[in-house]
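The values are calculated or read from the model by the stated rules, or taken from the named source; none is laboratory data. What you are looking at is a predicted structure, and each value in this text was computed from that prediction instead of being measured. In this analysis, Cβ positions are derived from the backbone assuming ideal geometry, glycine residues included, and neighbour counts consider all displayed protein chains. Accessible surface is based on the protein model in full, side chains and every heavy atom, while ligands, DNA and RNA are left aside. Shrake-Rupley method; radii C 1.70, N 1.55, O 1.52, S 1.80 Å.
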Amino acid sequence: MKKTLLFTVCLLALAACNKQGKGTKEAGQERDSLLQVIGQKDSETDELVATINEILEGFDRINKAEGRVTVTDADPEAASTRETIRENMAYIEEAMSKNRELIAQLEQKLRTSGSNVSSLQTTLSNFRQELQEKDSCIQELRAQLVEKDSLIFSQQEQITDLSSNVTALTEENKQKTETVASQDKELNTAWFVFGTKAELKEQKILTSGDVLRSDDFNKNYFTQVDIRTMKEINLYSKKAEVLTSHPEGSYTLRKNSKGEYVLNITNYKKFWSVSKFLVILVK
């Protein structure tokens with residue numbers, strides 16, 4: 001509207017000059033000068049409008065980015081969420097810096113153009129105030145982010161401590177379990193052997209008619225068993241005698257269909273209560 005009015009006034013002035021009969025060289029120069037002024041004013045007005053629009057678009061982008069920043073609701077375990085917040089914060093700060101430059105440019109253009117339109121001055125003042133409010137908001141968001149990072153760091157330390165404790169307890173329980181298993185295995189392990197008198201003497205299991213009299217007998221000659229599962233021993237002999245001490249009633253010595261002896265343990269706890277070594281003489 002302002003441009004149109006200015007252009008109309010200039011045309012009327014030129015028409016008036018023509019009516020008064022000015023067709024001289026000076027009149028043409030005056031006309032060219034007036035058109036140049038019109039063009040300059042149009043260019044300045046376009047630049048002012050373009051700068052104002054760019055500032056408004058910048059604030060719009062800032063507002064949208066602020067809507068994506070939710071520091072207080074961010075999941076402390078979600079690293080991707082925290083990274084998104086930081087990216088949005090960086091975007092906002094960059095947009096703020098750009099708007100700060102544009103507002104400074106608008107102020108300079110208004111000063112150099114000589115325009116003193118009150119509405120433009122009000123717009124500039126509003127821009128400065130909104131920029132200041134955004135600065136305060138960004139500082140608050142940054143403080144919240146620092147506080148959240150501190151909380152996350154504290155929680156991570158607690159999680160690390162808990163994980164260390166769990167690991168230590170797991171290892172301790174594992175060792176205890178292994179110890180119990182080892183002790184259980186030892187408590188339920190026994191050894192047996194059967195052989196002729198000559199064989200038993202050779203392995204120092206039978207010495208001067210006594211069984212396991214010395215400690216230097218060959219233990220590797222024995223068969224290791226789990227007393228909870230070993231219930232019978234086939235002796236493959238028609239003559240057999242138990243030489244080690246085992247309570248009566250805890251076992252039987254009977255023959256199978258081939259006439260060969262088989263040792264049956266009927267009460268394993270009672271049978272092995274006296275000795276964990278079983279020696280049987282066969283012929």
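Observations
- From the options VAL211, VAL166, residue that is aliphatic (A, V, I, L, M) and farther than 30 Å from VAL274 by Cβ: VAL166
- Where ASN88 falls short, out of the listed (1) under 20 Å from GLN144 (Cα atoms); (2) loosely packed, with under 13 Cβ neighbours inside 10 Å; (3) modelled with pLDDT under 80: (2)
- The criterion of being modelled with pLDDT of 80 or more and open to solvent by 70 Å² or more (accessible area, probe 1.4 Å) holds for THR177.
- Test: residue in the range 99-122 that is at pLDDT 60 or above, closer than 17 Å to ILE138 by Cα and in a helix (DSSP H, G or I): yes
- In this structure, PHE127 qualifies as surrounded by 13 or more Cβ atoms within 10 Å (Cβ to Cβ), among the aromatic types (Phe, Trp, Tyr) and either modelled with pLDDT under 80 or closer than 20 Å to GLU47 by Cα (or both).
- A search for C-beta distances below 9 Å between a residue of the range 220-243 that is under 16 Å from TYR268 (Cα atoms) and any residue that is among the hydrophobic types (A, V, I, L, M, F, W, C) and open to solvent by 70 Å² or more (accessible area, probe 1.4 Å), counting only pairs 6+ apart in sequence or on different chains, returns ILE227/LEU187.
- Segments classed as strands (runs of 3 or more DSSP E), wholly inside the range 187-273, with at least 1 members that are basic (Lys, Arg) and open to solvent by 60 Å² or more (accessible area, probe 1.4 Å): 251-255
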